[in-house]
Amino acid sequence: MTLPSRLLVAISIALVISSIVADLYGARLESSYKNTIPVGPGTTLFLGVSSLTSSGRVRVEVDGATNMYYMRLTGDPYTLVQQFRALNLNVSASRPQFDLRAGVVYVVALIQASPAIVQALSLLGEVIPVVQAGGSTSVVEARLATGDNVVVIVTEASKPVVNVRVSYSVEGYSRLTPLQTMLASLAIVAVATLLELARRRLT
Amino acid sequence: MSSWTGGLSRAYHVLYIDVSDVLRPPGLDVLVVLLAMLGAILVSIQPVTSPIIASRIALDPTLIATALFLAIRSSAGLATLIQNGILSVYLTYPIHKVTVAVILFVSRVVIPSALILATPLATILILLGPTLYKGLDVILGMYLAFLFQSTLYGSIFILIAVRVKSQATSGILSVAAYFTYTALNLILTGIGGAMGNDVVRRVGEALYLPDIAYYAYSNLDHEVWQLTLVPTLTILVLVTYLAYMSRRFEVL
């Protein structure tokens, strides 16, 4: 076989196998995160949602927040939490939760510095106060490009614990279905066969 | 005119023979199937919507495999040609020694690198077509960055091969050179960052062109000279290789 035919066959084999794997374990277009977090006096809840490889729309709902802010950042929110430590802010807990199949990461941290953290974050970008829409639920909605973050900060809560719900839906992603991939692979094999037949006829 | 076309024809003949040797089955075939599959799986298990990230995910592991292919098949294979006396046959052709050296560089470094790196990209472009077609220019830019990086590795390996003229030594030294280069990149970046020395950090980063291309496309912090370091190093190594081949190289 000629080199182009060999490469075409290699691509068609890779397409079929990767399509099967993608169908079984492939990307998900929805992701969610729920947590109940104790927020004591003087403690700030920091929640970062970062789109690692995807882009999409995020909706953050927080029950029990009296004072809540949000801001948009680029970069890694987990690195931001590490930087808070470098600023001598007491980060009492932090945990990133990756959802690889949706290409998003959620970072939750509790920081012992309520007013200072808003001031520190305002150096990085515009910190926007969130007005409660009704009842006790505060909602933040944002569209995230790849590598963007939305950071939600709760500096004061009306209850000892706040409930956080995050939903993230991927936008702008599509890939071939297994059937389409199979047809594409067959077409590639057909091209390779035609190339081989043409070569044998010419030589 | 006829002698010029005759020379070109002879050069093409040598190129064809040497490419057929380097890319002979089944080594290349198995490698490209595995790499294309790996790249396609890596970009389809997560919803990659950015062409820059898709090309990086597919090409980062491919570059490592390409470097090892160049070290073992291309460079050590060239040393075998020298040991077996086949390179002497190439040199008996009425072609200038430098032309043979350029042909060996093209057939053993540029063509294998271009083909191996292109296969996973072609696969992900078919699989994620509607998502990635909007960024074809970015994908091409990232491909060229990876190709330059691979060409730098290959030019170092081929210089080692013609210098040591031994298959085993050439293979070992090439693999060692690859890992030394990679370690140097990490060490300089780490030391520069830790000591707050911006120049050292930037030199360390610039040793890996795909990172700088990624920074440039993502509007992250970089300097324009960082984009030129790897191409400059490639040209320097290539000139050294050609000078060695034309002046000091002796077949065994």
Requested in this report: Could you identify the single residue in A:107, A:81, A:60 that is modelled with pLDDT of 90 or more, touching a Phe, Trp or Tyr at 6+ places or on another chain (Cβ under 8 Å) and open to solvent by less than 10 Å² (accessible area, probe 1.4 Å)?
Outcome: A:60
Report summary line: When every residue in the stretch A:158-172 that is closer than 30 Å to residue A:116 by Cα and touching a Ser or Thr at 6+ places or on another chain (Cβ under 6 Å) is compared, the one nearest to the other protein chains (Cβ to nearest Cβ) is A:168
Report task. Mind checking which strands (runs of 3 or more DSSP E) fall wholly inside the stretch A:6-93 and carry at least 3 residues that are farther than 16 Å from residue B:40 by Cα and hydrophobic (A, V, I, L, M, F, W, C)? Result -> A:44-51, A:56-63, A:65-74
Query raised in the report: What's the number of the condition residue B:53 fails, among (1) of a type in the set (Val, Ile, Thr); (2) open to solvent by 10 Å² or more (accessible area, probe 1.4 Å); (3) more than 8 Å from chain A (Cβ to nearest Cβ); (4) assigned to a helix (DSSP H, G or I)?
Result: (3)
Report task. Among residues belonging to the stretch A:169-203 that are among the β-branched types (Val, Ile, Thr) and part of a helix (DSSP H, G or I), point out the one that is farthest from residue B:48 (Cα to Cα). Result -> A:193
Requested in this report: Could you pull out the residue among B:35, B:63, B:68 that is within 13 Å of another protein chain (Cβ to nearest Cβ), assigned to a helix (DSSP H, G or I) and farther than 17 Å from residue B:107 by Cβ?
Outcome: B:35
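Conditions tested, residue by residue: (1) closer than 27 Å to residue B:175 by Cα; (2) part of a helix (DSSP H, G or I); (3) of a type in the set (A, V, I, L, M); (4) in contact with a Gly (Cβ under 9 Å, 6 or more places away or on another chain).
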residue: B:113; (1), (2), (3), (4): yes, yes, no, yes
residue: B:117; (1), (2), (3), (4): yes, yes, yes, no
residue: B:123; (1), (2), (3), (4): no, yes, no, yes
residue: B:142; (1), (2), (3), (4): yes, yes, yes, no
residue: B:150; (1), (2), (3), (4): yes, yes, no, no
Report task. Go through the stretch A:173-188 and count every residue that is more than 9 Å from every other protein chain (Cβ to nearest Cβ) and open to solvent by 60 Å² or more (accessible area, probe 1.4 Å). Result -> 6
Requested in this report: Confirm whether residue A:12 is open to solvent by less than 40 Å² (accessible area, probe 1.4 Å), at the interface with another protein chain (Cβ under 10 Å from one of its Cβ atoms) and small (Gly, Ala, Ser).
Outcome: yes
Report summary line: Taking first residues from the stretch A:51-80 that are within 14 Å of residue A:29 (Cα to Cα) and second residues anywhere that are acidic (Asp, Glu), the pairs with Cβ under 8 Å that are 6 or more apart or on different chains are A:51/A:148; A:55/A:148; A:55/A:171; A:56/A:171; A:57/A:141; A:57/A:171; A:58/A:141
Query raised in the report: Within the stretch B:101-129, how many residues are closer than 22 Å to residue B:17 by Cα, open to solvent by less than 10 Å² (accessible area, probe 1.4 Å) and touching a residue at least 60 places away in the same chain (Cβ under 8 Å)?
Result: 6
Query raised in the report: Pick from the stretch A:20-30 the residues that are open to solvent by 10 Å² or more (accessible area, probe 1.4 Å) and either facing chain B (nearest Cβ under 7 Å) or of a type in the set (Phe, Trp, Tyr) (or both): which of them is nearest to residue B:41 (Cα to Cα)?
Result: A:21
Query - Test: residue in the stretch B:128-139 that is away from chain A (no Cβ under 14 Å), within 19 Å of the chain's Cα centre (by Cα) and part of a helix (DSSP H, G or I) - result: yes
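In this structure, is residue B:21 under 30 Å from residue B:88 (Cβ atoms), more than 10 Å from chain A (Cβ to nearest Cβ) and open to solvent by 40 Å² or more (accessible area, probe 1.4 Å)?
Judged against the criteria, residue B:21 is a match.
The values are calculated or read from the model by the stated rules, or taken from the named source; none is laboratory data. Predicted, not measured: the structure shown is a model, and the values here were computed from it. No Cβ is skipped: glycine too gets one built from the backbone with ideal geometry, and neighbour counts run over all protein chains shown. These accessible areas exclude ligands, DNA and RNA; they are computed on the full protein's heavy atoms, side chains included. Shrake-Rupley method; radii C 1.70, N 1.55, O 1.52, S 1.80 Å.
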